[in-house]
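The structure appears right after this line, and notes come after that.
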Amino acid sequence: MPIMNHVIMPDSSLDFLNPKQREAVDYFGGPLLILAGAGTGKTKVLTTRIAHIIQTQRALPHEILAVTFTNKAANEMRERILPFVSGTNAMWMGTFHSIGLRILRRHCEAVGLRSNFTVLDADDQLRLVKQIIKASGLDEKRHPPKVALNSINLLKDRAISPLTTDLRSYRDPKTNRFISAWIVDTYIAYQQRLQILNGVDFGDLLLHCITLFQQCGDILERYNQQFKFILIDEYQDTNVAQYLWLRLMSQGGAQVCCVGDDDQSIYGWRGAEVDNILRFEQDFQGAKVVRLEQNYRSTSHILGAASGLISHNKGRLGKELWTEVDGGEKVDIRCVYDSEEEAITTVGALERLYKSGYPLNETAILVRASHQTREFEERLIVCGLPYRVIGGMRFYERQEIRDALAYLRLVNQVNDSLAFERIINTPRRGIGESSLNIMHNVARSQGVSLFDAANQLIETDELRTQARTVLRGFLEDVRRWQRKAQELPPAELAQVVLDESGYTAFWKNETTPDAPARLENLKELVVALEEFSTLEGFLEHVSLVMEVTQKDLGPQITIMTLHSAKGLEFGTVFLPGWEEGMFPNQRALEESGTDGLEEERRLAYVGITRAKEKAVITYATMRRMYNQIQHNLPSRFLSELPESHVIWHNRLQRHQPFQTMRRSGNSYKEKPNQSSQAFGDFDFNQEMSGMRHTGMKLVYHKKFGMGKVVRLEGDKADVHFEEFGLKKVLNSFLTEV
């Protein structure tokens, strides 16, 4: 590896860091954990540390391994380092999966793979599992393929392979239960089929690396000697396999620096282990912990509310965010009648913000569950406010794109049986299910791919004459496209394949309303290929990224789940649905107990700290769920927010008896600005008075639900309940809304 030329970074560059940031950048005495709170400049510290390592000649670029969780983060890191260091392409920088793929491409033969192996996406994984379950004679309704695939993925996240672990005696550490026998059999067959297909899934990209390192000491030693520094971003989100991979990669003496925030570990449901960051000092002896606590994003009231909330978690290393900017608005907590009012009042506030000149792209509605978005969307449409929902179907997940990619994958590697199966009769060629079943039987019995099985069957009488003729022509097409792949650039090759296969004509002849859009998507796919010099490089890109950048449609309100919002920031954030059962989520509590509650609290912490200027939390006393009316109490998280940092409106206490008919509220006065003016003139009660309120007070009864007080009589009240009619009840059993 040639020595790269570097731009020398002046010593004064570290002066732009605060004392704690500088301490994290300039520490080289051993393992380092940078405990970086929300908005504390984590990325700045990480990129500056990498540049500082190179500038001080502690390592060359190729001797640094930097691992992120998303391709976007890796690209951002590379762009930030580029002004200080030339030759960043020599660095090993990327996601766990992309680094794992890079290593496997070099040493695939050691784990039984050929160099042109395919990386399966989630759709291909599911289809393969379905095939295995069907071949086993199991009923899909009693043995759901998605359940099996989810179990397989979780086992791989925990570095559990059927080759190294006796799965029949393995207990799940979370539930302390054995794995169902049918899932064990499916996992074993699944890995065997992947071997035949010369394919891997995302879990294998690390699992095979771990096997490789454990069985081939010379290969592991090569990487141990190469890397002097290893940096891991978002360490709180690592799973067991990623943890083991790091331990193996660093055992040669590389200085490990992990950056993360235990208070933002919110992905336990998909395998993340918060314990990885909590026990860092035990795993890496002599480790130093540097806490980044100065926040550059949010106001002091927002940080105070978030810090007060997260302090109720016991499983944390501990830190407290602060800012040099005092004041700002308190966190706004509002009680509403139901989800309809929640949508009306939230969108009403957004409309006032918009009219006051507040930028829409600085606003967001962050929900706990995706089903909460419907009413907000409908109200936004009525009001004519532009919005976007993050998390919809992505470009490479669309049917026509998946079909086109299957053609290209088959051209790249004929043993890709999943791609073969997807497009052998797309568009229709007369290869029916019976013919495909015959090919599957031959492939399974002889341990070959569908392409090889088809090659054998065109020379026998097992298929109908017409099917053999069509199949022979298709195989010849694939071989011709493979020859053209050696001559044409990827974009031209794709256009040839789509045209000669009849796939382009298929959509041109379709009369469905979405056919023109599908053709435009295929054109966009060809355009995307123009950026790549090889077909294999493009297919790797698709398998690792699986996303497309949307065109700029101007400022829009963002609607997304709290999980999707991690890492983002907005001026004003609305946080609806803070009710018991909704948030914290009842299923999380039932399945994971205290651990589930603490992760839900971390999720609430993430939501509040997305806001820079204003955070508005709403909770509804009633919500329709699955066609049933559900009466709610405020989330326990609301009572954990420090009173000095919040302002309540129409407060419904979790255990407040109904003694007086006076609504509670704080007299906190906010400084006028665009945000506060929009909210200051906004009366939530007045907004819905014409719909439900008639001057009578709203109350809540544990048994009868929501009602309106008709008459007071000493310590009793006549209340008209929505579902039970007029009842006389004691005041002590009523809670004022």
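Contact map, the range 703-729: first residue at positive phi and open to solvent by less than 20 Å² (accessible area, probe 1.4 Å), second residue of a type outside the set (D, E, K, R) and not in a loop (DSSP other than H, G, I, E, B), Cβ cut-off under 8 Å, separation 6 or more or different chains; pairs are 705/622; 705/629; 705/631; 705/721.
Within the group 232, 302, which residue is among the β-branched types (Val, Ile, Thr), more than 19 Å from residue 31 (Cα to Cα) and touching a residue at least 60 places away in the same chain (Cβ under 8 Å)?
Values: 232 fails: more than 19 Å from residue 31 (Cα to Cα).
When all the criteria are applied, what remains is 302.
Are any residues in the range 346-367 closer than 18 Å to residue 336 by Cβ and open to solvent by 40 Å² or more (accessible area, probe 1.4 Å), and if so, which ones? Within the range 346-367, 351, 352 meet the criteria. Looking across the range 439-482, just one residue is of a type in the set (A, V, I, L, M, F, W, C), open to solvent by 20 Å² or more (accessible area, probe 1.4 Å) and more than 20 Å from residue 132 (Cβ to Cβ), and that is 470.
Quick grid of which residues meet (1) under 36 Å from the mean Cα position of the chain (by Cα); (2) on the phi < 0 side of the Ramachandran plot; (3) of a type in the set (Asp, Glu); (4) at pLDDT below 95:
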position: 456; (1), (2), (3), (4): no, yes, no, yes
position: 462; (1), (2), (3), (4): no, yes, yes, yes
position: 469; (1), (2), (3), (4): no, yes, no, yes
position: 491; (1), (2), (3), (4): yes, yes, no, yes
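In the range 415-427 there is at least one residue matching the filter, namely being hydroxyl-bearing (Ser, Thr, Tyr), within 24 Å of residue 120 (Cα to Cα), under 31 Å from the mean Cα position of the chain (by Cα) and part of a helix (DSSP H, G or I).
Tell me, yes or no, whether the range 322-329 has at least one residue that is touching a helix residue (DSSP H, G or I) at 6+ places or on another chain (Cβ under 6 Å), touching a residue at least 12 places away in the same chain (Cβ under 8 Å) and open to solvent by 50 Å² or more (accessible area, probe 1.4 Å). Within the range 322-329, one or more residues are touching a helix residue (DSSP H, G or I) at 6+ places or on another chain (Cβ under 6 Å), touching a residue at least 12 places away in the same chain (Cβ under 8 Å) and open to solvent by 50 Å² or more (accessible area, probe 1.4 Å).
Taking the range 149-187 only, how many residues are of a type in the set (A, V, I, L, M, F, W, C), part of a helix (DSSP H, G or I) and under 21 Å from the mean Cα position of the chain (by Cα)?
The first filter runs over the range 149-187 and keeps only residues of a type in the set (A, V, I, L, M, F, W, C), leaving 149, 152, 154-155, 159-160, 163, 167, 178-179, 181-184.
Checking the rest, the ones that are also part of a helix (DSSP H, G or I) come to 149, 152, 154-155, 167, 181-184.
Okay, now just the ones that are also under 21 Å from the mean Cα position of the chain (by Cα), so 149, 152, 154-155.
Summing the residues that are of a type in the set (A, V, I, L, M, F, W, C), part of a helix (DSSP H, G or I) and under 21 Å from the mean Cα position of the chain (by Cα) in the range 149-187 gives 4.
Results for (1) touching a helix residue (DSSP H, G or I) at 6+ places or on another chain (Cβ under 8 Å); (2) open to solvent by 20 Å² or more (accessible area, probe 1.4 Å), shown as yes or no for each residue.
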site: 570; (1), (2): yes, no
site: 594; (1), (2): no, yes
site: 602; (1), (2): yes, no
site: 614; (1), (2): yes, no
site: 617; (1), (2): yes, no
site: 629; (1), (2): no, yes
site: 640; (1), (2): yes, yes
site: 648; (1), (2): no, no
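Put simply, of 35, 65 the only residue that is modelled with pLDDT of 90 or more, outside any helix (DSSP H, G or I), farther than 22 Å from residue 564 by Cα and under 30 Å from the mean Cα position of the chain (by Cα) is 65.
Suppose we filter 407, 396 for residues that are hydroxyl-bearing (Ser, Thr, Tyr), part of a helix (DSSP H, G or I) and open to solvent by 10 Å² or more (accessible area, probe 1.4 Å); which single one remains?
Numbers: 407 fails: open to solvent by 10 Å² or more (accessible area, probe 1.4 Å).
After applying the criteria, what remains is 396.
Determine whether the range 277-286 contains at least one residue that is buried (at least 19 other Cβ atoms within 10 Å of the Cβ), part of a loop (DSSP other than H, G, I, E, B) and under 24 Å from the mean Cα position of the chain (by Cα). Checking the range 277-286: not a single residue is buried (at least 19 other Cβ atoms within 10 Å of the Cβ), part of a loop (DSSP other than H, G, I, E, B) and under 24 Å from the mean Cα position of the chain (by Cα). Reported count of residues in the range 293-311, each being open to solvent by less than 10 Å² (accessible area, probe 1.4 Å) and part of a helix (DSSP H, G or I), is 6.
The values are calculated or read from the model by the stated rules, or taken from the named source; none is laboratory data. If you're wondering where the values come from, they're calculated on a predicted model, not measured in any experiment. All Cβ positions, even for glycine, are placed from backbone atoms using ideal geometry, and neighbour counts span all protein chains on display. The area values use the complete protein model at the heavy-atom level, side chains included, leaving out ligands, DNA and RNA. Shrake-Rupley method; radii C 1.70, N 1.55, O 1.52, S 1.80 Å.
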